[in-house]
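Read through the structure below, which is laid out as structure tokens, and then see the notes.
The values are calculated or read from the model by the stated rules, or taken from the named source; none is laboratory data. Here the structure is a predicted model, which is why all the values come from computation and not from measurement. All Cβ positions, even for glycine, are placed from backbone atoms using ideal geometry, and neighbour counts span all protein chains on display.
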Amino acid sequence: MLEANWKRELLTEQQKVVKDCLCPNCGGEASNQTLDCEFCGSENLALKEDVEKITDILGNLSEEELKDPFVMISLLKLGKYSSLVSDLSREDINREYLSWAKKMIAELTGAKELSNADQEALINLFDNGDYYQDQFASAMQNIVIANTASQAVHYSPELVYGALQQNFCQIIKKVVNDATLEKKKLEEDTAGETQAYVARIDEENFDNFIHHGGTFILNTLGHEARHVYQNYKRYHRIVEDRNDLIMFYESMIRKRNQKIYDDNYYHMLIEVDARVYGLLFEQHFRKMMFGALDESKKKEYAADYALLTNHDTMRVIDGKKVRVEEETLSLLNEKPQLYNKYSQFHYEFVKDNGHIRFKTTSELIDDYFNNKDSAKDNLYLELVKNSKNREVTMGKNQQISSTVTM
Ligand SMILES: [Zn+2]
Ligand SMILES: [Zn+2]
């Protein structure tokens, strides 16, 4: 927590500026001279109020307080609006930041305890992760995490959380701008969870990291960020390969029957995909910061990677082994409106006289030739291969049943 009131107030106002700086009418940026919209000229009252409050806060600070690095970070993050609240030029602010960042990186890499003022300035820097990021901020964030992982230094939990939050933003914000990370008490044995674009880390998982270190929390971070990405793809109807299709089918049949998810948790492709990514992310961090991988995880990773690439879609549903595609087909015929609603179904299924069925191999080959997006070639070829296998199996079954009738 930030000790001084003025720091808390300043941080709150900065966060408001981030929210208010775009024109409520047209989304255009406000001029740093008049604070009116540069595009449509509308007056931006909210932003004016925020800037006024920041001017007041800074105006009440003593000479000593104004030298606190926290103020410099605030000005840095205010970007072009800093000229409205300070006499310092952008060059001055950048120069001050650079020399502070160098000092910080030296102290962090030397595993020195940080002063409160520096820790709080870092909290400010990491706050709202996506807003201000450069190579120095990334380096500082990584060393804070690494020193906590190795328990070389104990920082304030707010600082460590800030570093994790900025790290999370780096993974996912470029694609999913609305993604956010929260810390929350989750159900027992749940390290993290994700709903839509909100990823959550369990409080106990975080406390463990603070008090015992290790890199498991990075695994959670990568895992949940991957779920956010999966959700993004699903909401935007993005299908790049057959795994995307299977993950989409699984999410649809899970809506009908949550038990399928619980009974097949280990094999559900969204979980396999998230585990593979989480482990990769954790290992990447270990390699970058410690120069070594966690050898004990290699077996686990190999097992998950095999699940991700073997395209085994068998799941246990009500005690029986069923293919995800077959279950999806039955769902579609039960609720045909889903077929019209989600274009993802149109790759593998077709509506034929009001009844939904698998496309035939020859129909899929036609799709492949008509497809203009070469990035999807593999998807179509996978579907063709899969369809052939299905037709062979169906042919065999038909032979068996006709033998029986004879
Ligand atoms: Zn405007
Ligand atoms: Zn998961």
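Is one or more of the residues making up region 249-263 out of contact with any Phe, Trp or Tyr (no Cβ under 6 Å at 6 or more places or on another chain), among the hydrophobic types (A, V, I, L, M, F, W, C), on the phi < 0 side of the Ramachandran plot and assigned to a loop (DSSP other than H, G, I, E, B)?
Checking region 249-263: not a single residue is out of contact with any Phe, Trp or Tyr (no Cβ under 6 Å at 6 or more places or on another chain), among the hydrophobic types (A, V, I, L, M, F, W, C), on the phi < 0 side of the Ramachandran plot and assigned to a loop (DSSP other than H, G, I, E, B).
Among the numbered criteria (1) surrounded by 14 or more Cβ atoms within 10 Å (Cβ to Cβ); (2) touching a residue at least 24 places away in the same chain (Cβ under 8 Å), which single criterion is violated by Lys80?
Here Lys80 meets the rest and fails (1).
Among the listed residues Asn264, Asn257, which satisfies the condition of being modelled with pLDDT under 95, touching a Lys or Arg at 6+ places or on another chain (Cβ under 7 Å) and more than 30 Å from Ser150 (Cβ to Cβ)?
Going through Asn264, Asn257 in turn, the sole match is Asn264.
If I ask for residues that are out of contact with any helix residue (DSSP H, G or I) (no Cβ under 8 Å at 6 or more places or on another chain) and either of a type in the set (Ser, Thr, Tyr) or under 20 Å from Asp127 (Cβ atoms) (or both), which ones from region 54-79 would you list?
If the condition is that a residue be out of contact with any helix residue (DSSP H, G or I) (no Cβ under 8 Å at 6 or more places or on another chain) and either of a type in the set (Ser, Thr, Tyr) or under 20 Å from Asp127 (Cβ atoms) (or both), then Ser62, Gly79 are the ones that fit.
Would you point out which residue out of Met247, Met289 is more than 20 Å from His227 (Cα to Cα) and either within 16 Å of ligand 2 (Cβ to nearest atom) or among the aliphatic types (A, V, I, L, M) (or both)?
One residue alone meets the criteria, Met289.
Could you give every pair whose Cβ atoms fall below 8 Å, whose first residue belongs to region 299-318 and is closer than 22 Å to Ser387 by Cα and touching a residue at least 24 places away in the same chain (Cβ under 8 Å), and whose second residue is basic (Lys, Arg) and part of a helix (DSSP H, G or I), counting only separations of at least 6 or pairs across chains?
Pairs found: His311/Arg242.
Within region 4-26, can one find any residue that is away from ligand 1 (no atom under 11 Å from the Cβ), closer than 18 Å to Glu65 by Cα and assigned to a loop (DSSP other than H, G, I, E, B)?
yes
Somewhere in region 35-53, is a residue among the basic types (Lys, Arg), in contact with a helix residue (DSSP H, G or I) (Cβ under 7 Å, 6 or more places away or on another chain) and farther than 24 Å from Ser156 by Cβ?
yes
Under 7 Å between Cβ atoms, at least 6 apart or on separate chains: pull out the pairs that start in region 103-121 with a residue that is of a type in the set (S, T, N, Q) and end on any residue that is surrounded by 14 or more Cβ atoms within 10 Å (Cβ to Cβ) and modelled with pLDDT of 95 or more.
Cβ pairs passing all conditions: Thr109/Ile143; Gln119/Tyr155; Gln119/Ser156; Gln119/Leu159.
Look at Leu61 and say whether it is free of Cβ contacts under 8 Å to residues at least 12 places away in the same chain, surrounded by 14 or more Cβ atoms within 10 Å (Cβ to Cβ) and either under 29 Å from the mean Cα position of the chain (by Cα) or away from ligand 2 (no atom under 16 Å from the Cβ) (or both).
no
What is the residue count in region 356-375 for residues that are in a strand (DSSP E or B) and touching a helix residue (DSSP H, G or I) at 6+ places or on another chain (Cβ under 7 Å)?
Count: 2.
Counting only residues that are surrounded by fewer than 16 Cβ atoms within 10 Å (Cβ to Cβ) and more than 23 Å from the chain's Cα centre (by Cα), which one in region 250-261 is farthest from ligand 1 (Cβ to nearest atom)?
Result: Lys259.
Mind checking which helices (runs of 4 or more DSSP H) fall wholly inside region 135-233 and carry at least 1 residues that are crowded, with 23+ Cβ neighbours inside 10 Å and within 16 Å of ligand 2 (Cβ to nearest atom)?
157-172
For a quick check of your reading of the model, give me the residue pairs whose first member lies in region 269-298 and is in contact (Cβ under 8 Å) with a residue 24 or more places away in the chain, whose second is among the basic types (Lys, Arg) and within 16 Å of ligand 2 (Cβ to nearest atom), with beta-carbon atoms closer than 7 Å and at least 6 apart or on different chains.
Asp273/Arg226; Ala274/Arg226; Tyr277/Arg226; Gly278/Arg226
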